[in-house]
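One structure is given below, encoded as structure tokens.
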Amino acid sequence: MLFPYTYVPHRMEKMQAFVDFIFYAVWCQAPSKGPYRLELFAWNPELLEVMTAFHYDDSKGAEFFAGHVERIYALFAPLSACQVEQLRLWYIANNDVERVCANDHAMSLKRYADFPIELKDLCDQLASFFKGLYSHVEVAALRKKCGDIDDHYQTFVQTNKAGKCPFCGINDLLGEYHSKREAYDHYLPKALYPFNSINFRNLVPACHHCNSSYKTSKDPAYPLKDPTRAVHRRPFFYPYKTKPHSIELQIDLQHSDIAKLTPADITLQFGPAAIAQEIDTWKDVYGIEERYKSKLCTESDGKAWLAQVLDEWRELGRDPKEFLRTLALHTKRSPYTDCNFLKEPFLEACRRRGIFNEEQPA
């Protein structure tokens, strides 16, 4: 991740607060609270109002939410105290996204595939609920209390004004002056992980290519697609990190014939070493090397950047060294404008390859 987002509080967070209450004060208390009833929500008046509205609402959205809450309550009821405590610890870990990203093994991160066979029915109901929950946040009774995702996005982009996707730095993000919005990526995929599908610490706007073409449902915490394999967790960037990092990029070319440049002719070196593991995860999940190399080889990007330097040299007599000094200044101030973070090291690689020495102005 090239740069972190600034987290923006919003009343949509109340949705996660409702789920927290349902988990801790309703489901986890099921073994000792008797039959399911609306009074279970009495300590949370706003949620009680929502659940009461759902009780008298026969719409699919109401049935989805209230029906799952009741069915999961029934599956919690026969659990032992030890089983409930285990689920509680999993819930805490899966929602502490920052510590999970830091690969804190005190956080017992759990996937659906990790549930024991004796909890299969509960696992299936939790999966049905949490995988579908994000799609049901627009139900009227919830929207009245929590607002809607479009409003959250507008609030978000009024603070996060970079205008570029932080996962690739290549693509624009729709901003406050657009009537449409980008999709929210479930950073820990909702297809794999329970409990956090409406947690806005786990929801991050991303460009279409990052979200739908490259990351899809890849698991940033584990390097293999098969979540049942016994593999070691890995650290990865926290999207709302409060201390920004700066990724260093050096590009090297195998030859100076740019007209014949292919991805195989390009070497990318990322730094700093202190965050090498996070960088490796980012590169793997978002296909960074493939995408950057491809961009450098296209006529409209890498080759066009070089053509600009050569044209200004031939036509205007502008020394390439002067061009590169100016570009370095722009890159420092605005690294993601016009892909300066790629453009500057690419042209530096061209300089080291002697391309500017080989060319002579007319």
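One decimal place: the segment residue 254-residue 308 gains 17.3 nm when fully extended, by the rule 0.36 nm per residue minus the C-alpha distance. A cut-off of 5 Å between modelled amide H atoms, ignoring neighbours fewer than 5 places along the same chain, links residue 185 with 204, 206. Available extension along the chain between residue 112 and residue 82 is 8.9 nm, counting 0.36 nm per residue and deducting the alpha carbon span. Suppose R0 equals 30 Å; then what is the FRET efficiency for residue 25 and residue 208 from their Cβ-Cβ distance, rounded to the nearest 0.05? Efficiency at R0 = 30 Å is approximately 0.15.
Extending 7 Å from the Cα toward the beta-carbon at both residue 357 and residue 177 defines two label points whose distance is 4.5 nm. When only Cα pairs below 8 angstrom with a gap of at least 6 residues are kept, the range 248-358 shows a relative contact order of 31 percent. Between residue 135 and residue 330, the contour length at 0.36 nm per residue exceeds the alpha carbon distance by 66.0 nm. Per-residue ellipticity at 222 nm, computed for the chain from helices alone with -39500 (n - 2.57) per DSSP H run of at least four residues, works out to -13500 deg cm²/dmol. I'd like the distance separating the alpha-carbon centroids of the range 237-292 and the range 122-190, in whole Å. One Cα centre to the other: 27 Å. Classification of the range 13-215 by its C-alpha gyration tensor yields an oblate form. The axis ratio a/c (a ≥ b ≥ c) is 1.5 or more, and b/c is at least a/b.
Values in this text are rule-based calculations from the coordinates and carry no lab data. If you're wondering where the values come from, they're calculated on a predicted model, not measured in any experiment. Quick reminder, even Gly has a Cβ in these numbers, built from the backbone with ideal geometry, and neighbours come from all protein chains shown.
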